[in-house]
Amino acid sequence: MHIIINNLSKTIKGRVVLDDIRLEMQSGRIYGFRGINGSGKTMLMRAICGLIRPSSGTIEIDGAVLGKDLSFPKSVGALIENPAFISKYTGLENLRLLAMIRGVATKQELKDTLTSVGLDPMDKRSYKKYSLGMRQRLGIAAACIENPELILLDEPFNALDESGIDGIRDLILKKKGEGALLIVACHDTQELISMADEVIEMYEGKITKCYEVKHDESA
Ligand SMILES: Nc1ncnc2c1ncn2[C@@H]1O[C@H](COP(=O)(O)OP(=O)(O)OP(=O)(O)O)[C@@H](O)[C@H]1O
Ligand SMILES: [Mg+2]
């Protein structure tokens, strides 16, 4: 997958929330976004998912223009801000419901996805009894079912305990290894730099800095 963002701007009620964004991203890499509250990270993720339309500029995914040639990226999973699930269903039931939309994942794959985020597939508790961190883990599982080519995770480490952070970091790196294109926003700079291949800094809707991170593969 190859994403090209050309001069993307978004104005909402007279306020410029994305300002002339230019960026290229490709499969097998992790793009880490950082920036202060309100700098535009979530808005940019929404635009890449096709959830908001640009005021000007384009987002091209493998040559197809979002909002013109296609409404949403073909193969995408996203956790953007608060995950929403059906409160009376268990984690597994919620994932099964989501997977029914495309019908690709087997029950075993759904269970494995839950295990990969540290949730017990046999847990009989309904979603309304989930703790904050458990909800976050289920949101990440939902973003990863059916191995999407594009995965967007907005603050994936929110509310996670230490083992949760370790597990999700491993999962993100595993998805990269499988060839996914990952877009991750995170306020923990050290965490972000440790995972990302490229760090993109935003401020007032603009990209202010963009740099490659060299990882010592032997470490
Ligand atoms: N639903 C909305 N309607 C209008 N403006 C919005 C809406 N959501 C966010 N904004 C504005 O868009 C700008 C960018 O917000 P965004 O949520 O992308 O920031 P962010 O970088 O994700 O911040 P945070 O670190 O707090 O998550 C801000 O000025 C914000 O006020
Ligand atoms: Mg945000």
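The values are calculated or read from the model by the stated rules, or taken from the named source; none is laboratory data. Model, not experiment: these values are computed from the prediction. Here Cβ is always computed from backbone atoms with ideal geometry, including for glycine, and neighbour counts include all displayed protein chains.
Per-residue answers, yes or no, for (1) within 16 Å of ligand 2 (Cβ to nearest atom); (2) of a type in the set (A, V, I, L, M); (3) under 26 Å from Lys176 (Cα atoms); (4) surrounded by 13 or more Cβ atoms within 10 Å (Cβ to Cβ):
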site	(1), (2), (3), (4)
Lys13	no, no, no, no
Leu23	no, yes, yes, yes
Gly28	no, no, yes, yes
Gly32	yes, no, yes, yes
Gly38	yes, no, no, yes
Leu44	yes, yes, yes, yes
Pro54	no, no, no, yes
Ile61	no, yes, yes, yes
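Quick grid of which residues meet (1) in a strand (DSSP E or B); (2) more than 16 Å from ligand 1 (Cβ to nearest atom):
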| position | (1), (2) |
| --- | --- |
| Ala47 | no, no |
| Glu60 | yes, yes |
| Lys74 | no, yes |
| Phe85 | no, yes |
| Lys88 | no, yes |
| Glu93 | no, yes |
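Listed here are the residues, each with its yes/no results for (1) on the phi < 0 side of the Ramachandran plot; (2) modelled with pLDDT of 95 or more; (3) more than 16 Å from ligand 2 (Cβ to nearest atom).
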{"residue": "Gly35", "(1), (2), (3)": "no, yes, no"}
{"residue": "Ile48", "(1), (2), (3)": "yes, yes, no"}
{"residue": "Leu79", "(1), (2), (3)": "yes, yes, no"}
{"residue": "Pro83", "(1), (2), (3)": "yes, no, no"}
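Can you name the number of the only condition in (1) in contact with a helix residue (DSSP H, G or I) (Cβ under 8 Å, 6 or more places away or on another chain); (2) more than 15 Å from ligand 2 (Cβ to nearest atom) that Leu18 fails?
Leu18 satisfies all of (1) in contact with a helix residue (DSSP H, G or I) (Cβ under 8 Å, 6 or more places away or on another chain); (2) more than 15 Å from ligand 2 (Cβ to nearest atom) except (2).
Kindly indicate whether Glu191 is over 24 Å from Glu93 (Cα atoms), part of a strand (DSSP E or B) and acidic (Asp, Glu).
No: the conditions fail for Glu191.
Hey, among Leu153, Leu173, Leu181, which residue is out of contact with any Gly (no Cβ under 8 Å at 6 or more places or on another chain), more than 16 Å from ligand 1 (Cβ to nearest atom) and of a type outside the set (Asp, Glu)?
Leu173
Which of (1) free of Cβ contacts under 8 Å to residues at least 24 places away in the same chain; (2) more than 14 Å from ligand 2 (Cβ to nearest atom) is the odd one out, the single condition Ile3 does not satisfy?
Of the numbered conditions (1) free of Cβ contacts under 8 Å to residues at least 24 places away in the same chain; (2) more than 14 Å from ligand 2 (Cβ to nearest atom), the odd one out for Ile3 is (1).
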